[in-house]
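What follows draws every value from the coordinates through simple rules; no lab data is involved. Owing to the predicted nature of the structure, the values given are computational and were not obtained by experimental measurement. Cβ placement follows ideal geometry from the backbone for every residue including glycine, while neighbour counts extend to all protein chains displayed.
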Amino acid sequence: MIQGVILITGTSGYLLNSLTKSGAIAAILTGLAVYFGFGVKGLFLLGAFFATSSLWSKYKSAAKASIEEKLAKGATRDWRQVAANGGAAALFSIIYYFQNESLWLMGFSVSLASANSDTWASEIGSLSRNNPIYIRTFKRIEKGTSGAISLLGSAAAISGALLITILTMLLFHLPVYESLIIFLFGFLGNVIDTIVGAYYQQEYRCVNCGIHTEKKVHCGKPTRRIKGVPFVDNDMVNFLSGLIAAILAISLIHLS
Ligand SMILES: [Zn+2]
């Protein structure tokens, strides 16, 4: 029954152009993994992330059109983007299925809080009136640059982590201490994302129009890498920051 709902949700994402075919398959697999691990409650958390993220990305989307030019992702998410945001959560769900320990619930919720924090920060932060500040130079830089922060974006990051924390607390009846950890490490995931994004994420320049972008192709031509480490793109940074934040939170709880 629930498996059917997961299947229909993934397929609708494809039919509504929110997901590519590979993205829909990845979303269905993620949904199934989360359901096996944490049941309907887990799915509800995952759904809260996907629903609010899609809502924010559609909110004032015309104002963000110029930023889309700089970002690698289009409006339709493929499997890499799904895995970047839901992969760690799926992983912790599978581990929890085999080993019923609350540590893995922490890993699950921290990685989702981190993904939600990061998505809200970029979708809402890009609507900031002023250009963001680049953390490598502390100077203002074009919107849509990875590694840049704004007041609005940071407020959104805090709210994004807070939403997942409150939902987890209510659904799984968590004590205050563990809830606080989810909030702090979820937000930390977004901080790690910003730092890694600033120092290691690759950036390209279009050989035709000269725009700095995360896209590998622009103006129909392959772009040239001007910064960052090979293979470290936005998806990789998202995935790693959520996973690192979750592992740090698990280690802290395990040691305390
Ligand atoms: Zn171009």
Nearest 10 degrees, 0 to 90: helix 2-15 Cα axis against the chain principal axis: 10 degrees
Given backbone amide H placed at 1.01 Å from N, residues whose amide H is under 5 Å from that of K227, ignoring those fewer than 5 places away on the same chain, are E203
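Can you list the chymotrypsin sites (Phe, Trp or Tyr not before Pro) in region 201-256 that are in a DSSP coil and have 16 or fewer other beta carbons within 10 angstrom?
Sparse-neighbourhood loop chymotrypsin sites (Phe, Trp or Tyr not before Pro): F231.
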Considering only the other residues whose Cβ falls under 13 Å of the Cβ of N131, what net charge follows from Lys and Arg at +1 and Asp and Glu at -1? +4
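Are any of the pairs K60/K143; K60/K139; K21/K221; K21/K143; K58/K216 more than 20 Å apart by Cα-Cα distance, and if so, which?
K60/K139; K21/K221; K21/K143; K58/K216
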Under a 10 Å cutoff between Cα atoms, tell me which one of D193, D235, D118 has the largest fluctuation in the Gaussian network model of the chain. D235
For region 1-136, what's the relative contact order in percent, using C-alpha pairs closer than 8 Å and at least 6 residues apart? 31 percent
Taking the 0 to 90 degree range and rounding to the nearest ten, how far is the long axis of helix 102-125 tilted relative to the main principal axis of the chain, both from C-alpha atoms? 30 degrees
Whole-Hz couplings from phi, Karplus 6.51/-1.76/1.60, listed for region 247-256; x for Gly and Pro: 5, 5, 5, 4, 4, 4, 5, 5, 7, 8
For C206, what charge total do you get from the other residues with a beta carbon under 15 Å from its beta carbon, if Lys and Arg give +1 and Asp and Glu give -1? +3
On the formula 1/(1 + (r/R0)^6), with r taken between the Cβ atoms of Q99 and F231 and R0 of 35 Å, the FRET efficiency rounded to 0.05 is 0.65
When the Cα centres of region 87-116 and region 129-186 are compared, how far apart do they sit, in Å? 19 Å
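Based only on Cα atoms, what mean projected area does the convex hull of the chain have, in nm²?
The Cα convex hull of the chain, projected and averaged over all directions, gives 13.8 nm².
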Just from its helices, what would the mean residue ellipticity at 222 nm be for the chain, if runs of 4 or more DSSP H residues each count -39500 (n - 2.57) and the sum is divided by every residue, rounded to the nearest 500 deg cm²/dmol? -22500 deg cm²/dmol
Determine the principal axes of the Cα atoms in region 136-256, then give the extent along each, sorted from largest to smallest and rounded to whole angstroms. 56, 28, 27
Return the sequence-ordered ³J(HN,Hα) values of region 20-27 in whole Hz as given by the Karplus equation 6.51 cos²θ - 1.76 cosθ + 1.60 applied to θ = phi - 60°, using x for Gly and Pro. 6, 4, 5, x, 5, 4, 5, 5
Of I67, I158, I192, which has the largest mean-square fluctuation in a 10 Å C-alpha GNM of the chain? I67
Interchain or sequence-distant (5+) residues whose placed amide H lies within less than 5 Å of the amide H of H218 are T223
Could you list which residues have their amide H under 5 Å from that of R77, counting only those 5 or more apart in sequence or on another chain, with H placed in the peptide plane? L19, T20
Defining a contact as two alpha carbons under 8 Å apart and six or more residues distant in sequence, what relative contact order in percent does region 122-167 show? 37 percent
Going by C-beta contacts inside 10 Å, put C206, C219 in order with the fewest on the left. C219, C206
With an 8 Å Cα cut-off and a minimum separation of 6 or more residues, compute the relative contact order for the chain in percent. 21 percent
Work out from phi, with θ = phi - 60° and the Karplus expression 6.51 cos²θ - 1.76 cosθ + 1.60, the ³J(HN,Hα) of each residue of region 184-201, listed in order in whole Hz, and give x for Gly and Pro. 5, 6, x, 5, 4, x, 5, 5, 4, 4, 5, 5, 5, x, 6, 9, 10, 6
